[in-house]
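A short write-up of the structure that comes next.
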């Protein structure tokens, strides 16, 4: 009998605790004092995603952003948060800032080529800052050798270039070409958690209109070190028009 009595008392205590919790929950909710944090600050839906890894093909998906950081990439069931419909847009990572660090070797331009490959030599100063010698030659429509000779007349003996690890494999795919401007370049620059669209990375994104470019157009742009025309940007999780950047 004592065991049954103790079990009954425990049951009553459980009911009282549950009742008190339910009462408090109802009162606070009615007064608007009980708030649950949103899982996302914003969800970007239906984008074509060029993720900057160089490994995944372009895929359609959603991006969940919280506190300026990507927290989910894939298919997201939208909850109580703002939604941006990115249908018709392709999104890729923002190009990493091009700056020197202790991990980057610098060489005088005059002596760097042809000692090192044109794809590994990046200009560290304007007007070609951030471009490789190979990209600049592609922009000019000239051979690397002719571009180098022309630059010898244009640049001073003190101008330097960065020597970076190769960011392009032979016969690169579209995704690898995009990564050479984003994820692979960020890695070569020693910038952690930049240049890719994946959870834990900053929500710094670049959007362009998908149907304005086919794959051959995009490949040509990326080989020249350029991006498609900007339709929209997202910096630290905040959507901005191209004019605001």
Whole-angstrom gap from region 53-91 to region 226-245, using each part's C-alpha centre = 15
message = With 10 angstrom as the radius, rank 124, 143 by how many other C-beta atoms surround their C-beta, starting from the fewest.
response = 143, 124
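For a quick check: sort 224, 149 by the number of other beta carbons within 10 angstrom, fewest at the front. Walk me through the intermediate numbers first.
Numbers: 224 17, 149 11.
Arranged by neighbour count, lowest to highest, 224, 149 become 149, 224.
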query = How big is the gap, in Å, between the Cα center of region 95-158 and the Cα center of region 160-217?
reply = 18
ask   = For residue 105 and residue 57, what does the FRET efficiency come to when R0 = 30 Å and r is the distance between their Cβ atoms, rounded to the nearest 0.05?
value = 0.35
ask   = Taking R0 as 30 Å, what's the FRET efficiency between residue 242 and residue 216 from their Cβ-Cβ distance, rounded to 0.05?
value = 0.80
request  = Using the number of other C-beta atoms within 10 angstrom as an exposure proxy, rank 209, 44 with the fewest first.
outcome  = 209, 44
key: Sequence-separation-based contact order of region 105-163, relative, with Cα cut under 8 Å and 6+ spacing, percent   = 52
key: Efficiency of FRET between residue 166 and residue 77 - r from beta-carbon atoms, R0 45 angstrom, step 0.05   = 0.65
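FYI, it's all coordinate maths here, none of it is from the lab. Keep in mind it's a predicted model, so treat the numbers as computed, not measured. Ideal geometry is used to build each Cβ from the backbone, glycine not excepted, and the neighbour counts take in all protein chains shown.
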